[in-house]
1. Any idea which of V39, V24 is more than 15 Å from the ligand (Cβ to nearest atom) and open to solvent by 30 Å² or more (accessible area, probe 1.4 Å)?
2. Do the conditions hold for G365, that is, is it buried (at least 19 other Cβ atoms within 10 Å of the Cβ), in the same structural domain as G290 (by TED's automatic domain parsing) and within 16 Å of the ligand (Cβ to nearest atom)?
3. Could you check how many residues of the stretch 323-347 are of a type in the set (S, T, Y) and touching a Gly at 6+ places or on another chain (Cβ under 9 Å)?
4. When you scan the stretch 228-345 for strands (runs of 3 or more DSSP E) that lie fully inside it, which ones turn up with 3 or more residues that are within 16 Å of the ligand (Cβ to nearest atom), touching a Cys at 6+ places or on another chain (Cβ under 6 Å) and under 30 Å from E69 (Cβ atoms)?
5. How many residues does the stretch 316-355 hold that are under 24 Å from R127 (Cβ atoms) and open to solvent by 20 Å² or more (accessible area, probe 1.4 Å)?
6. Any idea which residue in the stretch 376-399 is farthest from H312 (Cα to Cα), counting only those that are touching a residue at least 24 places away in the same chain (Cβ under 8 Å) and open to solvent by less than 60 Å² (accessible area, probe 1.4 Å)?
7. Taking the stretch 90-141 as the region of interest, how many residues are assigned to a strand (DSSP E or B) and farther than 27 Å from R207 by Cα?
8. What are the pairs, 6+ residues apart or on separate chains, where a residue within the stretch 284-310 that is closer than 19 Å to G368 by Cβ has its Cβ under 8 Å from a residue that is open to solvent by 30 Å² or more (accessible area, probe 1.4 Å) and modelled with pLDDT under 95?
Amino acid sequence: MQESWRWFGPGDVIGLDAVRQTGVAGIVTALHHRAPGEVWGADEIAARRDRIAAHGMVWNVVESLPVSEDIKRQSGDWRAHLRNWQASLRALADCGIPTVCYNFMPVLDWTRTDLAWPTASTATAMRFDWIDFVVFDLFLLCRPGATYDPEVTEAATARFAAMPDARCKALIENVVHGLPGAAAEMTLADVRDHLAAYDQITEARLRANMADFLQEVAPVAQDLGMRLCCHPDDPPFGLMGLPRVMSTEADYAGMLAAVDLPANGITLCSGSLGARADNDLPGMMRRLGGRVHFIHLRNVARQDDRVPASFHESGHLSGDVDMVALIAAILDEEARRRAAGRPDSDIPFRPDHGLNMAGDDTTRGQPGYSLVGRHVGLAEMRGVIAALNTYRAREAAST
Ligand code: DNO
């Protein structure tokens, strides 16, 4: 498993000198200042790659090459954006960067209601509270046509009645915080405009548009010897009436079948998918592992087994995802790849979000991307990997 670290580029408050001291080999980054739909130039990519190399690490994964809303909706400039996406792939291939993560979530990327929720230890975590989210939708965004089950509406109405203005304001900021690394944050009016633009986009339509997108880009990636990997919806269920199509194992199986090329693959994000009790992460790794090109290791504690459920991001080993079983399944997949002579047997992974603790700066850094908290997560994953590898080597030697 190739240890990697997400770095948000030259503006990241956690610089490459600090990242290097974590001991990771790979850097996961993007040209965050380029807007979705724009083409990435080879010169700029090479400069970024060389800057990382000068710190003794390798730019191994792009996260993300953004897919524009026009491509997702097949509206406006989508054909030009598609050509630009293909051109960016060629430029990345020229610069030797093999793996490209993207997502197909409409409007909002990841969504949380709290960015600094205090846990028992006083370290803070990100949290998604379903009732708070419904308060946002019904009473702050005031989305026309929003409906929920009566008991959910009742709980949200009661919560909103007791909600102080400061919390309402914070809730709006947290939900529309925008993409990590994005230049501009959205306003409520922007969200309403985006939602209106998705009015006619059903789940079936979004799925079909995604298949069309993959038909255009996966063969290009395949020819270039690259690997594309789709990040799941976070959280993995529909929000604000928007369709979401990458939330379950069945979604992934369908997407892989839609364009059956090795280059068309998966970002297995254990924290995003783990927010649904019906997603079996180790099982998904065993069944779909051959097409998993990138892994995010993170854990969540769910409030209950319903979908949607409230959850918070927990320590990497302490949530509801069986992290040891998942890592065992990843190591098995790597062994299978080595036996088959595949060149990609060392799958890149990164500790995804971490808690904010021990001086981590929650105000200036990207929410979730703490230095100490992520490093603790990485260290825990290293321990699991080392223990499993040592134990297995001993078992093999004794038989
Ligand atoms: C959140 C991240 C996501 C992810 C994108 C990938 O912290 O996991 O924003 O980078 O969805 O396209």
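The values are calculated or read from the model by the stated rules, or taken from the named source; none is laboratory data. This is a predicted model, so every value here is computed, not measured. Positions of Cβ are backbone-derived with ideal geometry, glycine not excepted, and every protein chain shown enters the neighbour counts. Protein only, heavy atoms only, side chains kept; ligands, DNA and RNA dropped before computing areas. Shrake-Rupley method; radii C 1.70, N 1.55, O 1.52, S 1.80 Å.
1. Numbers: V24 fails: open to solvent by 30 Å² or more (accessible area, probe 1.4 Å).
None of the others qualify; the one that does is V39.
2. Numbers: buried (at least 19 other Cβ atoms within 10 Å of the Cβ): no; in the same structural domain as G290 (by TED's automatic domain parsing): yes; within 16 Å of the ligand (Cβ to nearest atom): yes.
Considered against the rule, which asks whether it is buried (at least 19 other Cβ atoms within 10 Å of the Cβ), in the same structural domain as G290 (by TED's automatic domain parsing) and within 16 Å of the ligand (Cβ to nearest atom), G365 comes out as no.
3. Of the residues in the stretch 323-347, the ones of a type in the set (S, T, Y) are 345.
Next, from what is left, pick out any that are touching a Gly at 6+ places or on another chain (Cβ under 9 Å): none.
So the count comes out to 0.
4. Working: elements: 264-269, 292-297, 299-302, 311-314.
Here the list reads 264-269, 292-297.
5. The number of residues fulfilling the criteria is 6.
6. As a first pass, look at the stretch 376-399 and keep what is touching a residue at least 24 places away in the same chain (Cβ under 8 Å): 376-378, 380-382, 384-385, 388-389, 392.
From the residues that got through so far, the ones that are open to solvent by less than 60 Å² (accessible area, probe 1.4 Å) too are 376-378, 381, 384-385, 388.
Values: V376: 17, G377: 15, L378: 19, M381: 19, V384: 22, I385: 25, L388: 27 Å.
The extreme case among them is L388.
7. Taking the stretch 90-141 first, the residues assigned to a strand (DSSP E or B) are 99-103, 114-118, 124-128.
This time we only want the ones that are farther than 27 Å from R207 by Cα, so: 114-118, 124-127.
Matching residues across the stretch 90-141 total 9.
8. Matching pairs, first to second residue: N299/S318; A301/S318; S310/D304.
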